Amino acid sequence: MKLSNGTYTTHPAPERAALVSVEIRGKYTDWSLRESLAELGDLTRAANAEVVARVSQRLDRPSRTYLGKGKLEELQTLIHDDEIDVVVFDDELAPAQQKALEDLLVVKVIDRSTLILDVFAQRARTREGKLQIELAQSEYLLPRLAGQWSHLERLGGGIGTRGPGEAQIETDRRLVRSRISKLKKDLSKVRTQRSEQRQNRTISQAAVVSLVGYTNAGKSALFNRLASGKVTARNQLFSTLDTTTRQLYLPSGEQAVLTDTVGFIHKLPATVVSAFTATLEELEYADVLLHVVDVSHRGSIAHHDVVEGILDGLGLSAIPRILVLNKFDRVAESPDNPLTDRANQLVAMSKHSVVTSAEFGWGMDDLRTEISRVVSMDVPEPASV
């Protein structure tokens, strides 16, 4: 590829993406169109694409083609004028809906779920993480196999452009189902290994403390501060997918086990939650959950609610948790500054809360003390003789 300065690069040019979001009137949500599109843009850039256009619309009811006729025509013009390679929709598209859109727009169409899975695939490092992502992608792909050939079919006749026919599509379905079965068996072995590790921790009677939170809330940086770990902590979405466990020393002198887990996000695909059973299962055995929130983010309350909703859906609402208001350094000059209105709203939502800055080490002693206190509250009294 030739650059504007006359030099050449072997790196392919990033795909040029248009983002599309719809809001249904009367449907309650904590997320505005602008906020949802902003996050979709972050995900798109995380997938190494360039955002060059945005389209949004408010509708009275869902449409078969996602957008109304006028907005579709506007999008078609944008695709032509801005040389768009891919259109990213901010909701999960039904297989028929995706195919109809590709037929109309004549470019690659993906939805938010596909995008999240793509970012996950880039971030996975361990065998377990890669297995879980491949399972999620395979389960998502299965009902959409027929549409995968639509690009070739639109090109017309000729060598290399003929559709596979129903027989080939059915063969592909069998192959994907077979792969899904194999992945589930492999992940079952992973779950068995994790179960054995948990049994060893139970024997040692060490309390288990698990970090949860919205993606990019600073969980990994907090993990490193608390446990002197070396988990990659970057200012990017889903920097951590693989579970990491370290020892945590509490003020009482006791040792606990600290676990960092995958971050959550708005509209997290059900296939991801299902595929990550082996990872999320760890949370069931936690004595305390540290719910980390980026208190500097204007959407922090909505982020909090997304995570709490997922935890409730996983049946974890009964586990004691501490709300960790992280990144306070971005809204205050010192840890002694008064809380912002947004932080006060979050504090009011939780029985236990601590203000921290993982970057500067603010509040770490307070957090360790609070963990020790909550753990001791959850420990049953020894039976009298």
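Here are a few things to note about the model shown:
- Lys/Arg +1, Asp/Glu -1 at C-beta; region 292-385 dipole; positive extreme among Asn344, Gly309, Phe328: Gly309
- Rg in Å to one decimal, and Dmax rounded to a whole Å, for region 16-123 via C-alpha atoms: 13.1, 38
- Start at zero, step by 10 Å, and the Cα-Cα distances of region 68-108 spread as 28, 62, 11 percent across the bins.
- Over all other residues within a Cβ to Cβ distance under 12 Å of Glu134, the charged ones net out to +2, with Lys and Arg as +1 and Asp and Glu as -1.
- Relative contact order of region 1-142, taken over Cα pairs closer than 8 Å and 6 or more residues apart, is 24 percent.
- Highest mean first, the peptides 295-305, 331-341, 208-218 sorted by other C-beta atoms within 10 Å per residue fall in the order 208-218, 295-305, 331-341.
- Using the empirical formula 2.2 N^0.38 Å as the baseline, the Cα radius of gyration of region 205-378 reaches a ratio of 0.95.
- Around Pro251: net Lys/Arg minus Asp/Glu count, Cβ-Cβ under 12 Å: -2
- For region 44-134, the set of trypsin sites (Lys or Arg not before Pro) satisfying both a DSSP loop assignment and a count of at most 12 other C-beta atoms within 10 Å is given as Arg64, Arg125.
- log₁₀ of I(q)/I(0) at q = 0.13 Å⁻¹ - region 281-385, Debye sum with one point per alpha carbon: -0.51
- Pairs from Lys69/Lys267; Lys27/Lys99; Lys69/Lys184; Lys27/Lys71; Lys99/Lys130 whose Cα-Cα separation, in the structure shown, is over 32 Å: Lys69/Lys184
- Here Val106 and Lys184 are evaluated by their C-beta separation; at R0 = 45 Å the FRET efficiency comes out at 0.75.
Bear in mind these aren't lab numbers, they're just calculated from the coordinates by the rules spelled out. A quick note: this is a predicted structure, and the numbers were derived from the prediction, not measured. Ideal geometry is used to build each Cβ from the backbone, glycine not excepted, and the neighbour counts take in all protein chains shown.
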